[in-house]
Every structure is written in C-alpha cells, then in structure tokens.
Amino acid sequence: MLERERIQPVNLLEYEEAARAMLPPEIFDIVASGAEDLVTLRANRAAFDQWRLLPRMWRGHTRVDLTTTVVGQEIAMPIMLAPVSTQRLLHDQGELASAAAARRAGTIFTLGACASTTIEDVAAVAGPWWFQLYLFRDREISRDMVQRAAARGASALVITIDSPTLGRHEAVERNRVNWPESATTFANVVPGAMAGAVHDPAQNWNDLEWVATLTSLPIILKGVLDPDDARIAFDFGARAIVVSNHGGRQLDSAIASLDALPAVVEATAGRGEVLIDGGFRRGTDVLKALALGARAVMLGRPFLWGLAVGGEDGVLSVLEMLRDEVARDMMLGGRGSMTEVDRSFIVPTGPLGSRI
Ligand SMILES: Cc1cc2nc3c(=O)[nH]c(=O)nc-3n(C[C@H](O)[C@H](O)[C@H](O)COP(=O)(O)O)c2cc1C
C-alpha cells in the first residue's frame, strides 16, 4: 500500500514501474514477458526512433480534435484497448474495470476470447465493444462465443490470426509453479473444455468463410505483418486489419509493428482500415503510426499496468494521459485534427534531404 502511494506515474512508462512495485513477480512477468530473447518486444519500441516528426509553426489551432471513426464507430481518440486474456489476474474487477474505463474515455474496449469475465457481464457495463475470437480446436466453442457476443451487442469481431501455437515465454515458464489458477481459467467456456484447445495449427484462410456464416458483424483480422496477408485479408472481406506481432509474444525476431506498417498501408490503399498495436507508450508514438497511415492504435500492456495500480480509474488515467499527450503533440506539431496527421508530418530519422 505504501509502495502504491509512493509512486505517482506521470507517463505510461512509469505506470509499468508502479505495477512492478506492487505485483507479485510471477504476475508481472505474465504481462511483461515476450517470446524467447525479446528481440521483437524491444524492436516494437525501437522502431519509433527511426522516424521524426516535422512540425509546422504558427497554424493558430486553439484546440485540437482527436475524434475519429473506426469501422464506422466514432471514438473520442485514435486509441483503443487491445484484447488481453484473464484481466482478473491484475485486479479483482478485471475486464469490468477496463471496459468501464474505455466507455468513460469514449473509446472501444475489446473483450478477449480468453477473458476472465463473461461476455454477458462485460456487455452490461461496456460502451462500444468488440469481441476477439480465437479459432479454437473445437470450433463449436468459437461458434458459441461469436453468437453470444453478437447477441450482447459487440459491434465487430476481431479474429486473431497470429497464434497457430503459443510463443514461448521463458520467464513465465520458470515461474509456472507459482501460477495462479486464474491465469488459465476462462470465463466464456465450460470448465475443463480449454485444456490444450486454444491453439489450432490447422487454422487457415478458408476458416474465414465459415466464420462469416456465423455473423454479419464486421470482421477485423489481427496479427497481420506481411503486405500479402493484408491483401488476402481484404480479399476475404475483412473490414479492417490490425498490424501486430502480439506485443512480441509470438514469433521472436518478427518485424516490429511500426516497421511493417508502411508496406501494409501501401499494399492495401483504400481497401479497408489499417489499425496497429505493439509498443505504443507516447503520444508521439501514436502520431507516427497515424502519419504512416494507421487509422488508430491499440494499447496492450500499459492499460494492464493502469488496471493493476488503480482498477477502473487506473485504466482511465492511462487512456487520458496518452490522449493528452497526443493532443499536446498535435498542437506543437501544428495539426488540428486527424486528417491533418498525414505523411507530411513524418520523416525518416536523419537530415531532411530531398525535402529541403
Ligand atoms: C498479458 C497479455 C495477454 C494477451 N492476450 C491476448 C489475447 O488473448 N488475444 C489477442 O489477440 N492478443 C492478446 N495479447 C496481445 C495484445 O492484444 C496486443 O497485441 C499487444 O499487447 C500490444 O502490444 P503492447 O502490449 O506493447 O501494447 C495479449 C497481450 C498481453 C500483454
């Protein structure tokens, strides 16, 4: 408790330190960890440094407008919550707290397939929300989830396609003896049905046709890195894709999300919305992705640190901190609205060269 009061985070990176100080190490590691040597985890952050912003002066914007739309839904800021499993590990209100915070911030909450709270309970407190699906080995589990989520008002279905098997998190493996049971207890499936059932290496693009027969919800595919996969996603009728390497938790040495973004945007121009996640911690990170063509970004670990430190208010504080940074940085950059955050706002690190 003393620890909790001592540390007053002033930015998202400090929220991680505050959470580290108060969480049991085995729980902190479940969230913080990445695959193998953490090459991709680190690359997600390092990629932002390859780009610089090119501000315009004296534009006279007395306020900046952060509103945008994603898949037809208006949100108050271009920042949403990424799907994350078992949030009750971090706070007893778990997904209920995160969903309520997203609602208060005017943005979208994404409920994970492996959540620790039921679809029905989350729907009762959420504002606009999406449901994230895994294609489970037992497809009936997936079918049941999609139908329940649609019936309770999910406005899109996010299908995570980067997980034919689980990436190896060695820090977590070392701690396994101390794992809380809640880490593997999923609220939306009948008890016992999950063992070994999450990851199905047989899943492939044809499964999307089957999913489309289950629901008329817009489909968003999460975990795209290769421009060819992005094209295929839109060929299959996806409304949006999420450029993502699962926060560096799946294939280690996979390309950083931001590094994958420009080619994906170029390959799919105008065919659907491109979202992105992985390593977003600063307003300038968000602006770099938007300038490179992303519609909005999703936040993973930072909101979990907020949840651990302060429940619903902690998640809200994280969202508001990042929102305020984006707003201030837009004003400093001479951009008044989302449409002004375009390619002219960003340059590769180094001398300006051909633009002079
Ligand atoms: C503890 C944890 C659990 C996650 N669980 C899921 C999940 O169940 N489904 C999914 O699609 N992504 C999952 N992710 C990945 C996030 O949706 C997101 O891609 C990633 O966290 C973004 O990177 P960031 O944490 O650097 O913001 C999880 C991430 C973390 C940290």
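The table below gives the values:
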read-out: Test set (1) out of contact with any Ser or Thr (no Cβ under 7 Å at 6 or more places or on another chain); (2) at pLDDT 90 or above - LEU133 fails condition number; value: (1)
read-out: Number of the exception - GLY293 against (1) within 16 Å of the ligand (Cβ to nearest atom); (2) in contact (Cβ under 8 Å) with a residue 40 or more places away in the chain; value: (1)
read-out: Residue, modelled with the lowest pLDDT, within the range 331-356, restricted to residues that are among the hydrophobic types (A, V, I, L, M, F, W, C) and over 20 Å from ASP49 (Cβ atoms); value: ILE356
read-out: Number of the exception - ALA97 against (1) in a strand (DSSP E or B); (2) more than 16 Å from the chain's Cα centre (by Cα); value: (1)
read-out: Of residues in the range 144-167 being of a type in the set (Ser, Thr, Tyr) and touching a Phe, Trp or Tyr at 6+ places or on another chain (Cβ under 9 Å), the one farthest from LEU214 (Cα to Cα); value: SER163
read-out: Residue among VAL31, VAL10 that is surrounded by fewer than 17 Cβ atoms within 10 Å (Cβ to Cβ) and of a type in the set (Val, Ile, Thr); value: VAL10
read-out: The range 230-286, residues that are among the basic types (Lys, Arg) and either closer than 25 Å to LEU332 by Cβ or away from the ligand (no atom under 15 Å from the Cβ) (or both); value: ARG231, ARG239, ARG271, ARG281, ARG282
read-out: Exclusive hit being buried (at least 18 other Cβ atoms within 10 Å of the Cβ) and of a type outside the set (S, T, N, Q), set ALA156, ALA151, ALA171; value: ALA156
read-out: Neighbours by Cβ (under 7 Å, 6+ apart or cross-chain): first from the range 30-47, away from the ligand (no atom under 11 Å from the Cβ); second assigned to a helix (DSSP H, G or I) and among the charged types (D, E, K, R); value: GLU36/GLU170; ALA47/ASP259
read-out: Matching option when the condition is away from the ligand (no atom under 16 Å from the Cβ) and not in a loop (DSSP other than H, G, I, E, B), among GLU74, GLU26; value: GLU74
read-out: Verdict on ASP277 being of a type in the set (Asp, Glu), within 21 Å of VAL31 (Cα to Cα) and under 18 Å from the mean Cα position of the chain (by Cα); value: yes
read-out: Count of residues meeting criterion [more than 14 Å from the ligand (Cβ to nearest atom) and either under 13 Å from LEU214 (Cα atoms) or among the charged types (D, E, K, R) (or both)] in the range 125-140; value: 4
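The values are calculated or read from the model by the stated rules, or taken from the named source; none is laboratory data. Keep in mind that this is a model prediction, so the values were computed, not measured. Neighbour counts are summed over all protein chains in view; Cβ atoms, including those assigned to glycine, are modelled from backbone coordinates with ideal geometry.
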